Every structure is written in structure tokens, then in C-alpha cells.
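This report refers to the structure that appears directly beneath it.
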Amino acid sequence: MILVQAIIQPIRLSTVRSALEEAGYDETMVSDATGYGRQRGQTAMFRGNEYRIDLLRKVMLELIIDEDDLDEVIDIVRSSARTGTKGEIGDGKIFVLPVLDAIAI
């Protein structure tokens, strides 16, 4: 079993989830995440004052899959999470981790 963690932009969540559900991967977990990479945050104006927002809002989508399905899931997430045709800085990251065991509570 493999744990796939995809950190993506919040506006792309519904597109990614729909694409995964169409392919038969409908069991996912979604949580809020904040962070920054090469974007280095943003500056914003509020009541005439400039503020630096270092941590940008993202969402983390997690799903556990069979090892045979890994390439398909990565292709689905990568293609549906991109904001442009080739992707842009800040579109996100995909992490792949081995899962030793899953125990029902």
C-alpha cells in the first residue's frame, strides 16, 4: 500500500477530487495546510497598511492506494491540479510514502 499526499491550491480541490472519483479513487481525506516554497508569501493591503503574508493557504489531499495504481493516481492529480497548461509555481507537490499496515478502529 502507498500513501499519496498532494498539497494543492484550494481552488483546484473540486477538480482533483472529481477526476479521482471518475477513475474510481473515491476514498480521500482532505485537510487544510499552510506554507510557502518558491512563492515566498504575498503582500496585501488592509486599511492603507501593507502586510506580508508569509504562509499561503493550501489543502492536503491524502489517499491510500495499491502500489500498482501509483502512476495513474499521480497522473490524475498532476494534470487536474495544474493551473496552466504546463503548471505554475505554487501549484503544489505530491509526496509518496509506503504504508506498512492499516488497522481499523
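The values are calculated or read from the model by the stated rules, or taken from the named source; none is laboratory data. Since the structure is predicted, the reported quantities are computational estimates derived from the model, not experimental observations. Positions of Cβ are generated from backbone atoms using ideal geometry, with glycine treated the same way; all protein chains shown enter the neighbour counts. These accessible areas exclude ligands, DNA and RNA; they are computed on the full protein's heavy atoms, side chains included. Shrake-Rupley method; radii C 1.70, N 1.55, O 1.52, S 1.80 Å.
Quick one: which residues, 5 or more positions from Ala33 or on another chain, have an amide H under 5 Å from its amide H? H modelled 1.01 Å from N in the peptide plane, none for Pro or chain starts. So Ala33 has HN proximity to Lys58, Val59, Met60.
The protection proxy used here, the mean number of other Cβ atoms lying within 10 Å of each residue, ranks peptides 46-52, 99-105, 58-64 as follows, highest first: 58-64, 46-52, 99-105. Computed from Cα positions, the angle between helix 13-22 and the longest principal axis of the chain comes to roughly 20 degrees.
Accessible surface of the chain, 1.4 Å probe: 49 percent of it comes from carbon and sulfur atoms.
Out of all Cα-Cα pairs in region 66-105, roughly what percent, to the nearest whole number, are more than 17 Å apart? For region 66-105, the share of Cα pairs beyond 17 Å comes to 45 percent. Relative contact order for the chain: 47 percent, from Cα pairs under 8 Å spaced at least 6 residues apart, divided by residue count. Normalised by 2.2 N^0.38 Å, where N counts its residues, the alpha-carbon radius of gyration of the chain equals 1.23.
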